[in-house]
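Chemist: Quick one: the structure is below, and I'll ask about it shortly.
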Amino acid sequence: MTGATSFSHDFYNEILKDGKATEKQQMFMVRLSSIIITIVSIILSLSLQSFNVTFLAVLALTLAASSNLPVILFTIYWKKFNKTGAVFGMLVGLIGTLVLVGLSPNVWSPEPGAALFKGEPIFPLVSPGIVSIPLGFVACYIGTLIGSRKKAVIEDNFSEITVKSNIGNDVKGIAHH
């Protein structure tokens, strides 16, 4: 349900319709994307029946830790963190994890039937988190340096995020420092 709502609001309404989709159009997209997500989920679950559940759980957690954790921590604790850093960090964390998993012993094995493909794994670790999580942090840092912004805007955003994270309220109109 979350995926369908996110697709309808964020992708369809904001990107494709430039924020001008009607409520009826958005509801249609929620229903359509719910059906598509359900079909894809069923196909994936049927095709991944023989997969090790531990591998799938570790993959999900590593993806989240590599792409989301650096962005969350930098957003909360670093005043200079910006949108470019967030995008870089999420993309590098996501792509890095997927590439390293694709080169790992979970996908490649010299024993027939032990993994998806027969062959020697290029990346030796079963879980790529030890490499992909630091990659996400480094990418956030480099992206922030590349996408510099005005100091006043950064301080206002940081103060707003800090107050929201502590009290959960909208701080528009609350004086900063």
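Chemist: With the calculation restricted to Cα positions, what are the radius of gyration and Dmax of segment 52-148 in angstrom?
Modeler: 15.3, 51
Chemist: Another one. If we sort 19-25, 121-127 on the protection proxy, mean other Cβ atoms within 10 Å, highest first, what's the order?
Modeler: Going by the mean number of other Cβ atoms within 10 Å, highest first, we get 121-127, 19-25.
Chemist: Could you rank the peptides 130-143, 27-40 by their average count of other C-beta atoms within 10 Å per residue, with the highest value first?
Modeler: 130-143, 27-40
Chemist: Take the Cα pairs of segment 17-64, get the Kirkwood Rh, then feed it into Stokes-Einstein at 37 °C and 0.692 mPa s and tell me D in µm²/s.
Modeler: Diffusion coefficient, whole number: 247 µm²/s.
Chemist: Please report how far the C-alpha centroid of segment 63-118 lies from that of segment 1-57, rounded to the nearest whole angstrom.
Modeler: Distance between centres, Cα-based: 21 Å.
Chemist: In debye, nearest 20, what is the charge dipole magnitude of segment 1-58 about its Cα centre with +1 on Lys and Arg Cβ and -1 on Asp and Glu Cβ, if you could check?
Modeler: It works out to roughly 140 debye.
A short reminder: the numbers here are calculations on the coordinates, not readings from a lab. Values in this document were obtained by computation on a predicted structure and should not be read as measured data. Ideal geometry is used to build each Cβ from the backbone, glycine not excepted, and the neighbour counts take in all protein chains shown.
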